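Peer 1: Quick one: structure below, then a few questions.
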Amino acid sequence: MNEFAPVPEFARGPEIPDAGYLVTELGGGAYGITSGMVNTMFLVTKNGVVVVDAPLDLGGNLLAGIEEVTPKPITHLIYSHAHADHIGSAHLLARDDLKIIAHDRTAEFIKKAHDGNRPLPNETFSGTRRELDIDGERFVLEYKGDWHLPGNLFIHLPEHRILTAIDSFTVKNAPFFRLLFTPHVPTYFAAMDLMLEYDFETVVSGHMALFGTPDDVQTHREYIRDLRTSATEALREVDLREAAAAAGVPDDNRQARLKVWMDAVVARATELMPASWDKRLGGTDICLADNLSVVAWSAFMD
Ligand SMILES: [Zn+2]
């Protein structure tokens, strides 16, 4: 039985055609492409195509989508980060003369993964910034902290005013599980501030069928701040001893005591979340407990 609220109209995004993908013009030769579950972008330059990522769920449809708009060859592939759901179709693009660009940390991660579907990058950089000029088009790659995975990049196309920040947030939808699996909640919060320092009108964030705007980043930041406010207040209100006693957990089962305490914190934080979010984001009922749990543990420990 489906226990979830229907997806509100504003959070749905466009219908995905039967072919399984949709290409959207982002202007100036830039395109977004989505399978509905994942998305990314590519730029058609004078001599070829520069692609960010090759998501697993798009598979060969990435090539089909590019062929739909240009016969030019793919010359560059930039990895946003190493996760297989975003670059697990890269082997379909691989050719001897394809430049695959990534941060050193991403290369290290892929090396350890021993996954033939994720070819190693052949052009890497260390440090926090690399600016590329590809056929006169500027790509600024910046590594500003591990908000999602070591090596994760903000990829900025200043002239096109596009920011690609894969797995940073979900446009018009509440975040996936555990704030998209961030390893460090404070760094994840800080990433929203960093994104808003860029000059952009479109943000490509990696999941669902929608591309976003600075307003969407701001809304997401407001939402996660509400998660933190609710979790912090719940931590103040819910007492570990009382929660354990209420659940009948004996003193010597310390791990179970922590578990029932955190469950009670999350339940209270859920009540404290403003109900108005249901009208501003889709999926607020799906991963709320997951997200409150990571934010509450972070508020407790970080
Ligand atoms: Zn990821």
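Every read-out reported here was derived from the displayed coordinates using simple, explicitly stated rules and does not represent laboratory data. Keep in mind the model is a prediction, meaning the values are calculated, not measured. In this analysis, Cβ positions are derived from the backbone assuming ideal geometry, glycine residues included, and neighbour counts consider all displayed protein chains.
Peer 1: May I ask for the Kirkwood hydrodynamic radius of the chain, worked out over all distinct Cα pairs and given in angstroms to one decimal?
Peer 2: Evaluated on the chain, it is 20.5 Å.
Peer 1: Determine the alpha carbon to alpha carbon distance for each of LYS172/LYS259; LYS112/LYS144; LYS72/LYS99; LYS259/LYS279 and list only those over 20 Å. Don't skip to the answer; put the middle values down first.
Peer 2: Working: LYS172/LYS259 32 Å; LYS112/LYS144 23 Å; LYS72/LYS99 15 Å; LYS259/LYS279 31 Å.
Where the Cα-Cα span goes over 20 Å, the pairs concerned are LYS172/LYS259; LYS112/LYS144; LYS259/LYS279.
Peer 1: What residue among ARG254, ARG221, ARG118 has the largest mean-square fluctuation in a Gaussian network model of the chain, using Cα springs under 10 Å?
Peer 2: The residue with the greatest mean-square fluctuation here is ARG254.
Peer 1: OK, next. Put +1 on the Cβ of every Lys and Arg and -1 on every Asp and Glu Cβ in the chain; which of MET41, ASN291, VAL260 then has its Cα farthest towards the positive end of the dipole?
Peer 2: Value: VAL260.
Peer 1: Could you give the angle, 0 to 90 degrees to the nearest 10, between helix 254-272's Cα long axis and the longest principal axis of the Cα atoms of the chain?
Peer 2: Roughly 80 degrees, rounded to the nearest 10.
Peer 1: If you don't mind, there's one more thing I want to ask. If you put +1 on each Lys and Arg Cβ and -1 on each Asp and Glu Cβ, how big is the dipole of the range 224-301 around its Cα centre, in Debye rounded to 20? Could you put the intermediate results ahead of the total?
Peer 2: Values: 10 positive and 12 negative charges, 46 e Å.
Taking the Cα centre of the range 224-301 as origin, the dipole is about 220 debye.
Peer 1: Summing +1 for each Lys or Arg and -1 for each Asp or Glu, what net charge is found among the other residues whose Cβ lies under 15 Å from the Cβ of TYR198?
Peer 2: Details: positive: ARG129, ARG138, LYS144, ARG161, ARG221; negative: GLU131, GLU142, GLU159, ASP193, GLU197, ASP199, GLU201, ASP215, ASP216.
Result for the local shell: -4.
Peer 1: Sticking with this structure for a sec: Quick one: helix 185-196 against the long Cα principal axis of the chain, what's the angle to the nearest 10°, folded into 0 to 90?
Peer 2: 50
Peer 1: Further question on the same structure: Which percent, nearest 5, of DSSP beta bridges in the range 9-212 are antiparallel? Numbers along the way, then the final one.
Peer 2: Working: 27 of 40 bridges.
Here the antiparallel bridges make up roughly 70 percent for the range 9-212.
Peer 1: Also, quick follow-up: What whole-number distance in Å separates the alpha-carbon centres of the range 134-164 and the range 9-72?
Peer 2: Measuring centre to centre over Cα atoms gives 18 Å.
Peer 1: Within the range 85-159, list the trypsin sites (Lys or Arg not before Pro) lying in a DSSP loop whose Cβ has at most 11 other Cβ atoms in a 10 Å radius. Don't skip to the end; give the middle numbers.
Peer 2: On the way: sites: ARG95, LYS99, ARG105, LYS111, LYS112, ARG129, ARG130, ARG138, LYS144; in loops: ARG95, LYS144.
Those that pass, being in a loop and sparsely packed, are ARG95.
Peer 1: Kindly rank 13-23, 79-89 from highest to lowest mean number of other beta carbons found within 10 Å of each residue. Each step should come with its number before you reach the end.
Peer 2: On the way: 13-23: 13.9, 79-89: 23.9.
In decreasing order of mean packing, 13-23, 79-89 become 79-89, 13-23.
Peer 1: Tally the DSSP beta bridges in the range 1-104 and give the antiparallel ones as a percent, rounded to 5. Before the final figure, lay out the partial values.
Peer 2: Details: 13 of 20 bridges.
Of those bridges, close to 65 percent are antiparallel.
Peer 1: Considering only GLU242, GLU123, GLU201, give the residue with the highest GNM mean-square fluctuation for the chain, with springs between Cα atoms whenever their separation is below 10 Å.
Peer 2: Per the Cα network of the chain with a 10 Å cutoff, GLU242 tops the list.
Peer 1: Let me ask something additional. Using the Cβ atoms and a cut-off under 9 Å, what net charge is assigned to the surroundings of HIS86, where Lys and Arg are +1 and Asp and Glu are -1?
Peer 2: Details: positive: none; negative: ASP53, ASP85, ASP167.
Local net charge: -3.
Peer 1: Report the charge-dipole magnitude of the range 9-212 in Debye, nearest 20, computed about the Cα centre from +1 at each Lys and Arg Cβ and -1 at each Asp and Glu Cβ.
Peer 2: Working: 16 positive and 27 negative charges, 82 e Å.
Dipole of the range 9-212, to the nearest 20 debye: 400 debye.
Peer 1: What relative contact order, as a whole-number percentage, does the range 224-301 give when Cα pairs under 8 Å and 6 or more residues apart are counted?
Peer 2: Working: 69 pairs, mean separation 34.6, N = 78.
In percent, rounded to a whole number, it is 44.
Peer 1: Quick one: work out Rg over Rh on the C-alpha atoms of the range 224-301, Rh as Kirkwood radius. Mind showing how you got there, number by number?
Peer 2: On the way: Rg = 13.2 Å, Rh = 12.9 Å.
So for the range 224-301, dividing Rg by the Kirkwood Rh gives 1.02.
Peer 1: May I pose another question? Tell me the mean residue ellipticity at 222 nm calculated for the chain from its helices only (DSSP H runs of n ≥ 4, each -39500 (n - 2.57), averaged over every residue, nearest 500). Spell out each step's value before the answer.
Peer 2: Numbers: 10 runs with 109 residues, N = 302.
Counting only the DSSP helices, I get -11000 deg cm²/dmol.
Peer 1: If you line up the long axis of helix 104-113 against the longest principal axis of the chain, both from Cα atoms, how many degrees apart are they, to the nearest 10?
Peer 2: Its long axis makes an angle of about 80 degrees.
Peer 1: Can you give the FRET efficiency to the nearest 0.05 for LEU258 and SER126, using r as the Cβ-Cβ distance and R₀ = 35 Å? Can you show the working numbers first?
Peer 2: Details: r = 40 Å, r/R0 = 1.13.
Calculated transfer efficiency: 0.30.
Peer 1: Measure off 7 Å from each Cα along the Cα-to-Cβ vector at ASP18 and LEU194, then give the distance between these two points in nanometres to one decimal.
Peer 2: About 4.4 nm separates the two model spin labels.
Peer 1: Related question: Using Cα pairs under 8 angstrom and six or more residues apart, how large is the relative contact order of the chain, in percent? Mind dumping the intermediate values first?
Peer 2: Numbers: 570 pairs, mean separation 47.8, N = 302.
Reported relative contact order: 16 percent.
Peer 1: OK, next. Once label points are set 7 Å from the Cα along Cα→Cβ at both THR270 and MET301, what is their separation, rounded to one decimal in nm?
Peer 2: That separation, rounded to one decimal, is 2.2 nm.
Peer 1: So, one more: Could you compute the FRET efficiency for LYS72 and ASN2, with r as their C-beta to C-beta distance and R0 at 45 Å, rounded to 0.05?
Peer 2: After rounding, the FRET efficiency stands at 0.55.
Peer 1: Same structure, new question: What's the FRET efficiency of LEU92 with PHE181 using the Cβ-Cβ distance as r and R₀ = 25 Å, to the nearest 0.05? Before the final figure, lay out each step's value.
Peer 2: Values: r = 25 Å, r/R0 = 0.99.
Taking R0 as 25 Å, the efficiency between LEU92 and PHE181 is 0.50.
Peer 1: Something else: What does the charge count around HIS207 come to, taking other residues whose C-beta lies under 13 Å from its C-beta (Lys +1, Arg +1, Asp -1, Glu -1)?
Peer 2: Every neighbour counted, the sum reads -4.
Peer 1: Among ASP226, ASP146, ASP251, determine the one that fluctuates most according to a GNM of the chain built with springs between C-alpha atoms less than 10 Å apart.
Peer 2: For the chain, modelled as a Gaussian network with Cα springs under 10 Å, the answer is ASP251.
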